[in-house]
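What follows is a short report on a single structure.
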Amino acid sequence: MAVGRCDFPIMPEIPGIRLGTACAGIKQNVRDDLLVFEMAEHGSCAAVFTQNAFCAAPVLIARQHLTAAPRWLLINSGNANAGTGKQGLQDAFATCEELARLTGGSTERVLPFSTGVIGMPLPIDKIAAALPEAVRNLHSGHWDKAARAIMTTDTFPKGVTKTLELDGRTITFNGIAKGAGMIQPNMATMLSFIATDAKIGRDLLQQCLARAAELSFNRITVDGDTSTNDALVVMASGLSEAPEILPDSEHYTGFAEALLEVCKSLAEAIVRDGEGATKLMRIVVEEAQSDEEAVRVAKTIAHSPLVKTAFFASDPNWGRILAAVGRAGVDNMVLENIRIFLNDVCIVREGGRADDYTEEAGQAVMDREEIRVTVKLGRGDARQEVLTCDFSYDYVKINAEYRT
């Protein structure tokens, strides 16, 4: 059950970007599970990847190929090609070779991505058989098909589009993402792909992307697990008539903020679709000494199974939130300075339950689908927000039956 399910938007075509899908039958035969992106020559590409030490074979190869001016992305769902050793690397490289053969490009200019079950060999014969159809289907309007092709346990396709005006000319952004579980990304989300027609150099695009990932995808968690396959990619075709994005300019600031907005929208859609989620919680930590401290406290609350199950039950068990703050590792915490709120209802003040708090007021907030928890530490001026969802019976069921 998605919280405030996001309808897939009408996505405009982006000059220089084409998408093609096909059904390889990797884990199911109901919908497409193979996606190819193609970018026009002379564009730029940036990416960030999982920090999980057991990163998947396609992540290792994509990192290597990122410096070779990528033109193609190859994505499969249903199989993660993770925990597959040397054979997994050979298989991922083989799929890159096959796409390069079909497109007339070089293998090093293909970035591979996979998502799905860990520890199973990649069915390269099925992928090779379906790739010609995906290449034949390349079209600049296939964003909806692309978003559906990368889904695993997602209940809806996730996409966002945005435009930016620079000197009377338009830059367009389209982004898609997949992810509903194994979400506590130390870089990005499980998989997200963003395309734009902006003119921007690779290094500057990488700089913008790193900042956007940190302030969006690194501020969400569903279950505290970091995937082996996380990747976030931006392709910039350079075919917009808008001015080139250059460092330390007004245009750079506008571009960076627009990219951040796209990433934030996709990140929130992932939390709304958290496996079995029935509630969306915004954990806001204010008056911290640093951004790092604020994020640490917010994520301690967001990761707590006791907090998350209380929200699922709509139980205003505020002691669980207080306990999470207390174990967040904040040095020299002055308990009397801390205030904790459910929406606008103060639940903790001066080291204990707020004098004016009532169970009825807390219950009225907990009965809602979207809830804000605010913690004011009384230590400084830093503020950060983390998005999370509750833990329901369905989360256990989905993950207990994931391979069946």
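The values are calculated or read from the model by the stated rules, or taken from the named source; none is laboratory data. On a predicted model such as this, the values are computed, not experimentally measured, just so you know. In this analysis, Cβ positions are derived from the backbone assuming ideal geometry, glycine residues included, and neighbour counts consider all displayed protein chains. Note: accessible area is taken over every heavy atom of the protein model, side chains too, but ligands, DNA and RNA are not part of it. Shrake-Rupley method; radii C 1.70, N 1.55, O 1.52, S 1.80 Å.
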Item to check | Any chance Leu73 is in contact (Cβ under 8 Å) with a residue 40 or more places away in the chain and within 19 Å of the chain's Cα centre (by Cα) | outcome: yes
Checklist entry - Among the residues of the stretch 204-214, is there at least one that is among the polar types (S, T, N, Q), in contact with a helix residue (DSSP H, G or I) (Cβ under 7 Å, 6 or more places away or on another chain) and on the phi < 0 side of the Ramachandran plot? => result no
Checklist entry - Does the stretch 240-275 hold any residues that are hydroxyl-bearing (Ser, Thr, Tyr) and either outside any loop (DSSP other than H, G, I, E, B) or on the phi > 0 side of the Ramachandran plot (or both), and which are they? => result Tyr252, Thr253, Ser265
Item to check | So Asp223, is it touching a Gly at 6+ places or on another chain (Cβ under 7 Å) and open to solvent by 10 Å² or more (accessible area, probe 1.4 Å) | outcome: yes
Checklist outcome for this item: So, first residue more than 13 Å from Val373 (Cβ to Cβ) and in contact (Cβ under 8 Å) with a residue 40 or more places away in the chain in the stretch 310-337, second residue open to solvent by 60 Å² or more (accessible area, probe 1.4 Å) and of a type in the set (Asp, Glu), Cβ within less than 6 Å, six or more apart or across chains; the pairs are Ser314/Asp367
Checklist entry - Scanning for something open to solvent by 10 Å² or more (accessible area, probe 1.4 Å) and farther than 24 Å from Tyr357 by Cα, does the stretch 276-288 turn up at least one residue? => result yes
Next on the checklist: Against the definition (at pLDDT 95 or above and surrounded by fewer than 17 Cβ atoms within 10 Å (Cβ to Cβ)), how does Pro123 come out, yes or no?
Outcome noted: no
Next on the checklist: Name the residue that is most open to solvent (accessible area, probe 1.4 Å), counting only residues in the stretch 319-346 that are over 25 Å from Glu268 (Cβ atoms) and hydrophobic (A, V, I, L, M, F, W, C).
Outcome noted: Leu335
Checklist entry - Of the residues Gly88, Gly159, Gly104, which single one is of a type outside the set (A, V, I, L, M), surrounded by fewer than 21 Cβ atoms within 10 Å (Cβ to Cβ) and either farther than 16 Å from Asp32 by Cα or at pLDDT below 95 (or both)? => result Gly104
Item to check | Unique match (being of a type outside the set (Gly, Ala, Ser), open to solvent by 30 Å² or more (accessible area, probe 1.4 Å) and more than 23 Å from His42 (Cα to Cα)) among Arg136, Arg148, Arg109, Arg169 | outcome: Arg148
Item to check | Hits in the stretch 58-87 - residues which are closer than 10 Å to Leu122 by Cα and out of contact with any Ser or Thr (no Cβ under 9 Å at 6 or more places or on another chain) | outcome: Thr84, Gln87
Checklist outcome for this item: All-but-one check, Gly175 against (1) over 29 Å from Lys86 (Cα atoms); (2) among the small types (Gly, Ala, Ser); (3) open to solvent by 40 Å² or more (accessible area, probe 1.4 Å), failing number (3)
Checklist entry - So which residues in the stretch 347-382 are under 21 Å from Ala294 (Cβ atoms), in contact (Cβ under 8 Å) with a residue 24 or more places away in the chain, surrounded by 15 or more Cβ atoms within 10 Å (Cβ to Cβ) and charged (D, E, K, R), if there are any at all? => result Arg372, Lys376, Arg379
Checklist entry - Do we have Ile118 as under 30 Å from Lys299 (Cα atoms) and open to solvent by 60 Å² or more (accessible area, probe 1.4 Å) here? => result yes
Item to check | Residues (farther than 30 Å from Ala242 by Cα and of a type in the set (Asp, Glu)) located in the stretch 135-181 | outcome: Asp154
Checklist outcome for this item: Going through (1) among the aliphatic types (A, V, I, L, M); (2) part of a helix (DSSP H, G or I); (3) within 28 Å of Ile61 (Cβ to Cβ); (4) open to solvent by less than 30 Å² (accessible area, probe 1.4 Å) one by one, Ala210 fails only at (4)
Checklist entry - What number of residues in the stretch 194-231 are hydrophobic (A, V, I, L, M, F, W, C), within 22 Å of Glu38 (Cα to Cα) and modelled with pLDDT of 95 or more? => result 8
